[in-house]
Amino acid sequence: MKVGIIGLGQMGSGMAASLIKAEHTVTVYNRSPAKAEPLARRGAIVAPSPADACKGDAVFTMLANDEAVSEIVFTKGGLIDSLASGAVHISSSTISVALAQQLTDAHDRKGQLFVSAPVFGRPDVAVAGQLAVVAAGTDSAIERARVALEAIGHKLFIVSRKPSDANLIKLSGNFLIASVIESLGETLALVAKAGIDRRQYVDILTSTLFDAPVYKTYGALIAETRFEPAAFAAPLGQKDIRLALAAAGELGVAMPIANLLHDRFLRLIATGGAALDWSAIGAIAAMDAGIRLSNGRRN
């Protein structure tokens, strides 16, 4: 299959590597060309423009936010102008429900196929081709995209014929992850203030009550204050909570914990944490309690 990928951050690069490993013909584009060099050495074709990444059967977009996706898709010479009729745009970016619907309508008018396929998993999981893919789109769009989707993940969930449903699931999932991070941060602050070893506490939790990757991964990061380098930067977490709240507002659903998380992210970013991993919100409770963290920072 001839597949393009636009956006070579940590996740997009990992997905491209998985597609190359699966022996697809992969064309990559990134605004900063240097990020394409490692993939070129593995056999990827480097596109000089987004339009040149849209010449195959499918093109993935894996970009940071709504603004970046809209720019790539809707500007003159962008994806809408360049994708062939019957080819499929696979959007794996974490974007708003509203933009997903806008993309669906725009592609339909051009006779192009569209699949929303956000993923769960951190960059190391993407490199290993072990992402969980949540996909939604028409039957024909899903079948056109299926081989590429199966190449990037070990689990493929087809959830709906309406693409934006996949985006809502992704946003709700990231809300839950952030809720776990906040809860872990509060409990770790509690036990640490009593003099209990935080690492041992995480080991007890993840060996008994919460034997799940999300608790193991984020529990260890918070206990060890390992927030750099960021696998998922704090501003991206703030953006996802903001988009979840926007979707909730449209649906008339109150999400008080999401409002708390939104403020946690704003505080982290405003106090110099923009470059940290989003798990750094798990350190705020400890700093509020006057606990000196292992890296010497105190709020």
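The values are calculated or read from the model by the stated rules, or taken from the named source; none is laboratory data. Owing to the predicted nature of the structure, the values given are computational and were not obtained by experimental measurement. Note that each Cβ is placed from the backbone with ideal geometry, even for glycine, and that neighbours are counted across all protein chains shown.
Give the residue, chosen from 217, 208, 271, that is polar (S, T, N, Q) and touching a Ser or Thr at 6+ places or on another chain (Cβ under 9 Å). Quick ask: steps written out before the conclusion?
On the way: 208 fails: touching a Ser or Thr at 6+ places or on another chain (Cβ under 9 Å); 271 fails: touching a Ser or Thr at 6+ places or on another chain (Cβ under 9 Å).
Among 217, 208, 271, only 217 is polar (S, T, N, Q) and touching a Ser or Thr at 6+ places or on another chain (Cβ under 9 Å).
If you check residue 135 against the conditions, is it more than 17 Å from residue 62 (Cα to Cα) and either crowded, with 24+ Cβ neighbours inside 10 Å or at pLDDT 95 or above (or both)? Talk me through it step by step, then tell me what you get.
Values: more than 17 Å from residue 62 (Cα to Cα): no; either crowded, with 24+ Cβ neighbours inside 10 Å or at pLDDT 95 or above (or both): yes.
Criteria not met by residue 135.
So, in the range 199-225, of the ones that are outside any helix (DSSP H, G or I) and free of Cβ contacts under 8 Å to residues at least 40 places away in the same chain, which residue ends up farthest from residue 269 (Cα to Cα)?
First, the residues of the range 199-225 that are outside any helix (DSSP H, G or I): 208-212, 224-225.
Subset that is free of Cβ contacts under 8 Å to residues at least 40 places away in the same chain: 208-212.
On the way: 208: 34, 209: 32, 210: 29, 211: 30, 212: 28 Å.
Across the range 199-225, the extreme among qualifying residues is 208.
Can you name the condition, by its number, that residue 196 falls short on among (1) in a helix (DSSP H, G or I); (2) among the β-branched types (Val, Ile, Thr); (3) over 25 Å from residue 63 (Cβ atoms); (4) free of Cβ contacts under 8 Å to residues at least 40 places away in the same chain?
Only one criterion in (1) in a helix (DSSP H, G or I); (2) among the β-branched types (Val, Ile, Thr); (3) over 25 Å from residue 63 (Cβ atoms); (4) free of Cβ contacts under 8 Å to residues at least 40 places away in the same chain is unmet by residue 196, namely (1).
Which members of the range 10-44 meet the condition of being among the small types (Gly, Ala, Ser) and either surrounded by 19 or more Cβ atoms within 10 Å (Cβ to Cβ) or farther than 28 Å from residue 277 by Cβ (or both)? If you could, list the steps in order and put the result at the bottom.
At the first step, the residues of the range 10-44 found to be among the small types (Gly, Ala, Ser) are 12-14, 16-18, 22, 32, 34, 36, 40, 43-44.
12, 13, 14, 16, 17, 18, 22, 36, 40, 43, 44, listed by residue number.
Given the criteria within 15 Å of residue 4 (Cα to Cα), over 13 Å from the mean Cα position of the chain (by Cα) and crowded, with 19+ Cβ neighbours inside 10 Å, does residue 103 qualify? If you could, list the steps in order and put the result at the bottom.
Numbers: within 15 Å of residue 4 (Cα to Cα): no; over 13 Å from the mean Cα position of the chain (by Cα): yes; crowded, with 19+ Cβ neighbours inside 10 Å: yes.
No; evaluated as a whole, the condition is false for this residue.
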